[in-house]
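Undergrad: The structure that follows is given in the form of structure tokens.
The values are calculated or read from the model by the stated rules, or taken from the named source; none is laboratory data. Computed from a predicted structure; not experimentally measured. Positions of Cβ are generated from backbone atoms using ideal geometry, with glycine treated the same way; all protein chains shown enter the neighbour counts.
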Amino acid sequence: MRKFFLTCLFVIGLGFALFSYPGLSNKGEFDSIVLDFREEKAEQIGPKLQEIAQEFGVKPRLNSEFSQADNVYIVEGDRALLQNLRKSGLQKYTEYIEPNYIYTLNAVPNDPDYPKQWNLRSINVEAAWDETHGQGVTVAVIDTGVSRVPDLKDTKFVQGYDFVNDRIAADDDAGHGTHVAGTIAQSTNNGYGVAGIAYEAQIMPLKVLGASGGGTVADIAEAIKFAADN
């Protein structure tokens, strides 16, 4: 019972640490299974390991040189083997039979202020980065325009338009549109500033709001149509 209690505390603590650590995750993948035998069944571990090897064609092994004291063994296997082991009656000899999940480091950008961006981690952005960085996507920023500040230096842009002043250059004279563009596709992994959510996406700057933050419905409607057409 004491071992079971300590094991529970360990698993809970480990789970909290792993899921709280911003650069670590698992996708539910495993290629081996953990068998933790009960202390009071120590004399039966050897025969049970032989039975497992014969019945399932696997070779149980200690997880490390420190595992023997805790009776923790590993067998190579998938979900089908996991289910079969759990149905085999082995559970009365073990504390648990669980997947040996594989944890991997997520891509964490080197931008110095990224650790302060709690908002990105709250949407699990690092797991999303394992799938895509926004390549091939164009995002229209319909706002006050976008200024090419230092942390947008490496961001990809496509031609936009300034509907307030009727010109191609959609410069920002209020700051809001630049901030929005940075949140979307800030230049990332450049050792400067912060990170963007989809930092390989392209930004289309469309200025519909002036320095005061105001704009007309006609300009906004034209900007939406421009974005859809381009």
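Undergrad: Please work out if Tyr101 is under 30 Å from Trp129 (Cα atoms) and touching a Phe, Trp or Tyr at 6+ places or on another chain (Cβ under 7 Å).
TA: Yes.
Matching residues to (1) charged (D, E, K, R); (2) in contact (Cβ under 8 Å) with a residue 40 or more places away in the chain; (3) crowded, with 16+ Cβ neighbours inside 10 Å:
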site: Asn63; (1), (2), (3): no, no, yes
site: Ile74; (1), (2), (3): no, yes, yes
site: Gln91; (1), (2), (3): no, no, no
site: Glu95; (1), (2), (3): yes, yes, yes
site: Pro112; (1), (2), (3): no, yes, no
site: Leu120; (1), (2), (3): no, yes, yes
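Undergrad: Continuing with the same structure: Filter segment 41-96 down to the residues that are more than 20 Å from Asp31 (Cβ to Cβ) and among the β-branched types (Val, Ile, Thr) and list them by number.
TA: Answer for segment 41-96, where residues must be more than 20 Å from Asp31 (Cβ to Cβ) and among the β-branched types (Val, Ile, Thr): just Ile45.
Undergrad: Based on what the data block shows, is Ile52 part of a helix (DSSP H, G or I) and at pLDDT 90 or above?
TA: yes
Undergrad: Only one of Val217, Val194 is surrounded by fewer than 23 Cβ atoms within 10 Å (Cβ to Cβ), touching a Phe, Trp or Tyr at 6+ places or on another chain (Cβ under 8 Å) and in the same structural domain as Gln135 (by TED's automatic domain parsing); which?
TA: Val194
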